[in-house]
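Single-structure report; data block below.
The values are calculated or read from the model by the stated rules, or taken from the named source; none is laboratory data. If you're wondering where the values come from, they're calculated on a predicted model, not measured in any experiment. A quick note on method: Cβ atoms are made from the backbone with ideal geometry, for glycine too, and the neighbour counts reach across all protein chains shown. In case anyone asks, the SASA skips ligands and DNA or RNA and just uses the protein heavy atoms, side chains included. Shrake-Rupley method; radii C 1.70, N 1.55, O 1.52, S 1.80 Å.
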Amino acid sequence: MVYGYHRTSTKEQHLDRGITEIQEFCKTRSLALERVYTDQQTGKNFNRPRYQVLKEDVLRSGDTLIVTELDRLGRNKADTMREIQYFKDNGIRLMVLELPTTLIDLSAMGNEMASLMMECINNLMVELYASMAQAEIEKKEKRQREGIAAKKARGEWDDYGRPRVAKPPNWNDVVSKWKNGEITAVKAMELLGLKKSTFYKLVKQN
């Protein structure tokens, strides 16, 4: 049986391109594609519902799994290499469309030395691409951390992931009355339209 797998990192990204690429490849190679399983979830780990169904319940020895790019399978190098080894150990062939060496049927090669050399080249290419996929996600995470640090330095974020709350236009007037005992804190919050936690957080910023 031949199956495909495609993944996007978010639900906003479209799956169509990858699915079509797998379908077209199978059509040109006269491969009977059973189904393409998909997830719209990060590739940092393999805890993805459809992937787990495909791996645990669908794929069997002798089957072929097709992905468009190695990072569609996963972005963590160590985990990706373990998944690839799992496929090898269980007699499942992995074909990665961006890696031509994975598209060659080594078992059909008559020359044993040539087959061995191709397998070595294939293993090196897979490891290289897995390293590149992990490097890319590490670079992205580094940029995110730097962006957050820059916003914090500018005072635009009061803590990770939360934009600083702006003070209402009537803040000074209401707070002045509260501090002078003219109104209660509860009344002040009501006039400002703020929750207790936000009110006191803004008070501390004064």
Could you give every pair whose Cβ atoms fall below 9 Å, whose first residue belongs to segment 69-90 and is without any contact (Cβ under 8 Å) to a residue 60 or more places away in the chain, and whose second residue is of a type in the set (K, R) and loosely packed, with under 13 Cβ neighbours inside 10 Å, counting only separations of at least 6 or pairs across chains?
N90/R60
Is it the case, given these coordinates, that S115 is modelled with pLDDT under 85, surrounded by 11 or more Cβ atoms within 10 Å (Cβ to Cβ) and assigned to a helix (DSSP H, G or I)?
yes
Pick from segment 12-30 the residues that are hydroxyl-bearing (S, T, Y) and open to solvent by 70 Å² or more (accessible area, probe 1.4 Å): which of them is farthest from the chain's Cα centre (by Cα)?
S30
So, L33, is that one open to solvent by 30 Å² or more (accessible area, probe 1.4 Å) and more than 22 Å from K140 (Cα to Cα) or not?
yes
Just give me the residues in segment 179-190 being open to solvent by 60 Å² or more (accessible area, probe 1.4 Å) and either of a type in the set (A, V, I, L, M, F, W, C) or touching a residue at least 24 places away in the same chain (Cβ under 8 Å) (or both), in sequence order.
V186
Exclusive hit being open to solvent by 80 Å² or more (accessible area, probe 1.4 Å) and modelled with pLDDT of 75 or more, set K152, K195, K140
K195
Show the residue pairs meeting these rules: Cβ distance below 8 Å; 6+ apart or different chains; first residue within segment 51-66 and in contact (Cβ under 8 Å) with a residue 40 or more places away in the chain and closer than 18 Å to Q40 by Cα; second residue surrounded by 20 or more Cβ atoms within 10 Å (Cβ to Cβ) and basic (K, R).
Y51/R7
T28 passes all but one of the listed conditions (1) at positive phi; (2) free of Cβ contacts under 8 Å to residues at least 24 places away in the same chain; the exception is number (1)
